[in-house]
Amino acid sequence: METLPIGIFDSGLGGLTVAREVIRALPQERIVYLGDTARCPYGPRDLAEVRRFVLEIGTWLERVPVKLIVIACNTATAAGLALAQETFDVPVIGVVEPGARAAVRATLNRSVGVIGTVGTIESGAYSRAVRALDAGVTVFSVATPKFVDVVEAGLRMGPGTLEEWVAESSEVFIRPSFHEIARGYLESLKRSGIDTLVLGCTHFPLLQAAIQQVVGPAVRLISSAEETAHEVAETLESRGRLAGESPERPAHHYFTTGDPAEFARLGSRVLRQRIMHVEPVGLEDLAALLSEERLALVRDDRTEDPVCG
Ligand code: DGL
């Protein structure tokens, strides 16, 4: 019977929105999650640097070992999915292609908006992924980096889930400022007539209700988390690597390059499940894992993969 866990990583807490869906879709699977909180955000960084992080963390997960790796970060997917798939022996799944697929399925007028970090949007990964699925769909992309700051600030401020917090309280403090920021970013997308908007950043599902208010009810919001979880399930099933049924719930393991206590506190709110224990991982230890051969792959000035998935 298959006993190896699924490895999931992100620049920090946002990838827990993907872990949440994987746990929901595959409750019998064990998860090992690494949040690279010490180096978050990845969004404004050079993609070559993010590619190095992808190889470091992938190598760390490979040694756990895990049976499949999920890059639960759009920026890291855009920067390093293709390289990770070439480098690691286990299947590697990103979040861009699942999001693009869900958007292509959802759009009726074939006009899709995408919001994400600067790294994700400038990489063009979503446009390429959508075009590969349906060349007739027009993609309008806008980088919305301040949304990441809003989520980070919101998580650190109120009790309860961020969704409740943004939706029900802080009328005076965050709501006007979020709406102002959001209108600035999203007005042009609304004018372009999109009927579907991809939340192309793992932080953004936490702002779903607030974003919906700004774009209006006619625009369908797409989060790639659910679709990614389906892809994980399909990949494991087709390879005969699903964990067997068990009466006990599996124990998941959480690691961070940042502060474990803070990760447990904030992560529990994103995951909507109590994270009891988080172990630290040192950045020097991650860096030391990369062989010269793997480092050379990062230094290669390769262009990004045209299609992520
Ligand atoms: N997790 C990142 C993503 O999905 C957002 C946060 C960051 O910039 O690191 O793109």
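The values are calculated or read from the model by the stated rules, or taken from the named source; none is laboratory data. It should be emphasised that the depicted structure is a prediction, and the values quoted were computed from it without experimental measurement. Reconstructed Cβ throughout: ideal geometry from the backbone, glycine too, with neighbour counts over all protein chains shown. Quick note on the areas: whole protein, heavy atoms, side chains included, nothing else; ligands and nucleic acids left out. Shrake-Rupley method; radii C 1.70, N 1.55, O 1.52, S 1.80 Å.
Below is a table of values for the structure above.
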{"item": "Residue under evaluation V112, criteria (1) modelled with pLDDT under 95; (2) in a strand (DSSP E or B), criterion not met", "result": "(1)"}
{"item": "Any hit, segment 138-151, residues being charged (D, E, K, R), buried (at least 20 other Cβ atoms within 10 Å of the Cβ) and either modelled with pLDDT under 95 or more than 17 Å from the chain's Cα centre (by Cα) (or both)", "result": "no"}
{"item": "Search result, residues across segment 78-93 that are crowded, with 24+ Cβ neighbours inside 10 Å and touching a residue at least 60 places away in the same chain (Cβ under 8 Å)", "result": "A78, A79, L81, I93"}
{"item": "Selected residue (only one of F255, F263 is touching a Gly at 6+ places or on another chain (Cβ under 7 Å) and either open to solvent by less than 20 Å² (accessible area, probe 1.4 Å) or within 16 Å of I31 (Cβ to Cβ) (or both))", "result": "F263"}
{"item": "Exclusive hit being farther than 30 Å from K146 by Cα, more than 13 Å from the ligand (Cβ to nearest atom) and among the hydrophobic types (A, V, I, L, M, F, W, C), set V64, V32", "result": "V64"}
{"item": "Members of segment 24-77 found to be in a strand (DSSP E or B) and either touching a His at 6+ places or on another chain (Cβ under 6 Å) or open to solvent by 10 Å² or more (accessible area, probe 1.4 Å) (or both), listed by number", "result": "I31, V32"}
{"item": "Enumerated strands (runs of 3 or more DSSP E) restricted to segment 195-309, each holding at least 3 residues that are at pLDDT 95 or above and hydrophobic (A, V, I, L, M, F, W, C)", "result": "196-200"}
